[in-house]
Each structure stands twice: as structure tokens, then as C-alpha cells.
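Trainee: Submitted below is the structure of interest, expressed as C-alpha cells.
The values are calculated or read from the model by the stated rules, or taken from the named source; none is laboratory data. This one's a predicted model, so the numbers in the text were calculated from it and none came from an experiment. In this analysis, Cβ positions are derived from the backbone assuming ideal geometry, glycine residues included, and neighbour counts consider all displayed protein chains.
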Amino acid sequence: MNLMKNPVQDREGNTYERYAIEQWLQSNHTSPITRNRQVSIATVMLLPNRALQSALEHVNATELEGEVIRDAADQTSRVCRQIVNDFLSELNLAILDNLGVALLPTSKLPAIYQVDKANVLMILEAPDSKPTLKLYTHFTKRREKVTSKSADEDRVLNSLLRHKSLTLSRICDERLRFCFQVQKHEISSTDRLRTIFEMFVKVSRRLRKKIECDGVSR
């Protein structure tokens, strides 16, 4: 829908785009809206609709601001995606798919990330439609160790999850999700992402030692 640029009003209260009504009045003398032959109009009778003009200027300014914000967000997503893909390539892992998701099994990571033999599947999500990047993994607790309120979980949260971006949440009685979330604009380089990833791997290992797990965590 195209908004008016120069709204004018006739004496009946009808509003038109100035250029359009002037074109109409070259061969007509009535309103194109009412067609009232008893009320003739002419170009000199048209007055600016200042209230509508002000409202239209506000709408245009808001739309322009929205476009600037969207363009900035799109640029941030593109930069973040390139940084993530460069980092994954360094690790010899598949880059982000069309949904902005990459799987990071620890068994395929460089030796620096492999202290124990457990194969923990980590997931990295950076979809273009969202302003955040997420790293997360799941832990499965032994059934006999599960209670409605786990004191061990509380201790883990208190001792390890001091960063506001780190969360440990219960998916169901036996599954926990450990997640790190950060704004894309904070991922300024592969070095920054590497630091975040190393921290996440380190804390994930400590979590795994504190949480009773069944074999392989998925």
C-alpha cells in the first residue's frame, strides 16, 4: 500500500493525494468520491490536510527506523554466521545448515577438547531469524538418582552457573539441558567464539562429573 505524500481536503471533508485530484479536476468538477453534482470543486478550493500529513510523516519515520534496525540485524546475522562457519571449519566440522544449526560431537573435536572418553553431543544454533546464538547439550540422569527436587542440581547451579547466560533446565525427569546463550553482536571474532566454546566445554565437563549420567549423553 502506498501512503499519500501530499494530502489535501475538499470542502466536503474528502481527502485526496494532491497530484491525483489535480489530474482528475482537469476534466471533472465534482468529487471522485461523492460524484455530487451539486457541489463543484476546483484546485483553488483544496486545502492541505495537516493532521493527516503529520500522521503520515510519523508513519514514514517509524518505517524508516524499522528498516534501519532490520538492516543492522541482518548485517549482524551475516557477520555472525561467517564467524561461526570459520570457527567450525577450523574444527573440521560441518558448517551451519539452512536452519542455522550445527552438531558438535566431542568425539570429532580436536584433542584439546577431549579429556574423557564420553561422547557428548553439543549443538550450536544461530538462525538468521533470531538475534542470539546458543550452545547447548543434554544430560541424562540415572533413573534411581532422579528426585522431584535435586539437591545436586542446586549445588551445580550455585557453583557453576554464575554467568547470567548459562542455564541448566529440566526437560523431563531424566533429562537436563545445559545452555549458553549470547547476543550475536557480542560474537565479534572467531577468537571470541573460541573463548566462549572452550568455556562451555569446560563447564560441561564439570557438570557431567557432578551429574550422574547414563553412558553417552545426547
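Trainee: How do the pairs read when you match residues in the stretch 198-218 that are at pLDDT below 80 with residues anywhere that are of a type outside the set (Gly, Ala, Ser) and in a loop (DSSP other than H, G, I, E, B), using Cβ under 6 Å and keeping only pairs 6 or more apart or on different chains?
Mentor: Pairs that qualify, where the first residue is at pLDDT below 80 and the partner is of a type outside the set (Gly, Ala, Ser) and in a loop (DSSP other than H, G, I, E, B), are Glu212/Arg142; Asp214/Arg142; Val216/Asn119; Ser217/Val120.
Trainee: Can you tell me which of Ala55, Ala61 is within 18 Å of Gly13 (Cβ to Cβ), assigned to a helix (DSSP H, G or I) and not polar (S, T, N, Q)?
Mentor: Ala55
Trainee: Can you tell me which residue in the stretch 163-190 is modelled with the lowest pLDDT, limited to those that are more than 30 Å from Arg78 (Cβ to Cβ) and charged (D, E, K, R)?
Mentor: The qualifying residue modelled with the lowest pLDDT is Asp173.
Trainee: Tell me, yes or no, whether the stretch 63-86 has at least one residue that is acidic (Asp, Glu) and modelled with pLDDT of 85 or more.
Mentor: Yes, there is a match, as at least one residue in the stretch 63-86 is acidic (Asp, Glu) and modelled with pLDDT of 85 or more.
Trainee: Looking only at the stretch 1-47, which residues are among the charged types (D, E, K, R), surrounded by 15 or more Cβ atoms within 10 Å (Cβ to Cβ) and in a loop (DSSP other than H, G, I, E, B)?
Mentor: Across the stretch 1-47, the qualifying residue is only Asp10.
Trainee: Ok, one more. Taking the stretch 104-129 only, how many residues are at pLDDT below 90 and out of contact with any Phe, Trp or Tyr (no Cβ under 9 Å at 6 or more places or on another chain)? Let's see the steps before the verdict.
Mentor: Looking only at the stretch 104-129, we keep the residues that are at pLDDT below 90, and these are 104-122, 128-129.
Still in the running and out of contact with any Phe, Trp or Tyr (no Cβ under 9 Å at 6 or more places or on another chain): 105, 107-112, 114-119, 121, 128-129.
Count: 16.
Trainee: Name the one entry in Leu160, Leu135 that is modelled with pLDDT under 60 and either closer than 18 Å to Val182 by Cα or in contact with a Gly (Cβ under 7 Å, 6 or more places away or on another chain) (or both).
Mentor: After applying the criteria, what remains is Leu160.
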